[in-house]
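Notes to accompany the following structure.
None of the figures in this text is laboratory data; all of them are computed from the coordinates on show. Just so we're clear, the structure is a prediction, and the values are computed from it rather than from any experiment. Cβ placement follows ideal geometry from the backbone for every residue including glycine, while neighbour counts extend to all protein chains displayed.
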Amino acid sequence: MDAKFTEKQGQYLSFIAHYIMLNGRSPAESDIQRYFKVTPPTVHQMVVKLERLGLITRTPNVARSIRVEISPEDVPRLNEHPGTNFFFKTFIYRYFSKSSYVIGEAGT
């Protein structure tokens, strides 16, 4: 699939995909909010937009039900965001640097 999404949408997708791989469950919108340092309405609008584009699916009225609907190869690298928890960044980097699914700055 030739995924078509903006850079910002790609970062949200990447966070969701990585969160699921690390935790075995989908993130809550509050988890996404903490990572990107944005407001709850901003996260919700992005989740709705990603769903509308067919990039994710959710089960109505079920918490933590986000599923990424594109192949792992089409998920972009997760960039660091200012203020992201150091432990979280370190854990993600160490976890994924041991696999073929490396996270880092775009272009590195």
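Each part gets one Cα centre, and for region 60-81 versus region 21-39 those centres are 10 Å apart. Shape analysis of region 7-75 based on the Cα gyration tensor places the equivalent ellipsoid semi-axes at 15, 13, 13 Å, largest first. For residue 56, the amide hydrogen comes within under 5 Å of the amide hydrogens of 51, 69, counting only partners 5 or more places away or on other chains and with H modelled in the peptide plane. Modelled spin labels at residue 22 and residue 39, positioned 7 Å past Cα toward Cβ, are 2.6 nm from each other.
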